[in-house]
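> Let me begin by handing over the structure; questions about it come next.
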Amino acid sequence: MGEENYNPTRVTLLAKLKKTDNDEAWLEFETIYRGFILSLIVRMGINQQDAEDISQAVLTKVWQKIEDFEYNENKGKFHNWLAAMTRNTVKDFFRTKKNFITGRDSVEYQEQYLDIEEHVLPDIENLAREEWVLHITNLAWDNIKADIFETKREVFKMVSQEVPNKEIAQKLGISEVSVRVYKAEVFEKMRSEISRLNRELG
């Protein structure tokens with residue numbers, strides 16, 4: 001998707017979200033952030049089904065509490081606010097879940113939660129930072145790949161897989177010089193797009 005077709009600015013989007021009847025803004029928000037929230041929950045060691053339920057609960061809380069977040073480019077990042085919301089929702093999920101299950105399942109849930117509470121939740125900001133880097137990198141690639149011709153895309157994919165330049169050149173039937181040039185061009189586009197997305201969505 002080219003930049004001309006993708007223009008979600010954080011300040012504008014959050015302003016829209018504060019109007020609770022703005023369904024279009026909410027769908028835009030979900031498209032941008034659901035993947036980040038879900039991957040962060042899965043990263044905590046929570047199974048996919050529970051992670052889906054928790055991510056939906058996080059999105060619901062965001063909808064309810066978005067007015068509490070005040071954008072300030074000199075203060076906390078928005079994805080850290082989301083991470084804190086996710087952390088609290090995970091706590092609520094496990095505390096509620098154990099009230100509805102009994103026997104061995106109850107014990108297993110309690111053990112899982114205690115492990116997450118002790119070893120994962122205290123490190124939530126670092127986890128969020130790592131997942132945000134992956135998330136924003138994937139978004140950036142999705143945004144620019146349509147504007148890059150196929151050979152350059154293949155070079156970038158193989159470079160990302162740590163394939164040596166010589167092998168890339170042989171596979172694609174191009175010179176090693178071309179591989180280096182294409183790699184530099186794509187990385188510069190990625191760097192620029194990642195920087196833009198971090199400013200607008202971070």
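Coordinate-derived values only; no laboratory data. What you see is a predicted model; the values in this text were computed from it and never measured. Note that we place each Cβ from the backbone using ideal geometry, even for glycine, and neighbour counts take in every protein chain shown.
> What nm value, rounded to one decimal, do you get for the distance between S192 and N88 when each label is placed 7 Å out toward the C-beta?
4.0 nm
> Net charge around N165, counting only other residues with Cβ within less than 10 Å of its Cβ (Lys, Arg = +1; Asp, Glu = -1)?
So the surrounding residues net to +1.
> Using the 10 angstrom Cβ neighbour count as an exposure proxy, how do L40, L14, L27, L59 rank, fewest first?
Arranged by neighbour count, lowest to highest, L40, L14, L27, L59 become L27, L14, L59, L40.
> Now, a different point. Please arrange H135, H119 by counting, for each residue, the other beta carbons lying within 10 Å of its beta carbon, fewest first. Each step should come with its number before you reach the end.
Numbers: H135 22, H119 11.
So the ranking, lowest neighbour count to highest, is H119, H135.
> GluC sites (Glu not before Pro), restricted to region 110-202: which are DSSP loop and have at most 11 other Cβ atoms within 10 Å?
Qualifying residues, ordered by number: E162.
> Would you kindly compute the Cα radius of gyration of region 127-202 and its largest Cα-Cα separation (Dmax), both in Å?
Spelled out, the Cα radius of gyration and Dmax of region 127-202 are 13.5, 40 Å.
> Here is a further query. What is the order of R87, R199, fewest Cβ neighbours within 10 Å to most?
Ranking R87, R199 by Cβ neighbours within 10 Å, fewest first, gives R199, R87.
> Per-residue HN-Hα couplings for region 176-192, Karplus 6.51 cos²θ - 1.76 cosθ + 1.60 at θ = phi - 60°, whole Hz, x for Gly and Pro?
5, 4, 5, 4, 5, 5, 4, 4, 5, 5, 5, 5, 5, 4, 5, 4, 5
> Sticking to Cα atoms, compute the Rg of region 158-202 to one decimal and its Dmax as the biggest Cα-Cα distance, whole number, in Å.
13.4, 39
> A further question on this structure: Given the pairs K16/K189; K77/K97; K16/K145; K157/K183; K65/K97, which are separated by over 19 angstrom at their Cα positions?
Flagged as over cut-off: K16/K189; K77/K97; K16/K145; K65/K97.
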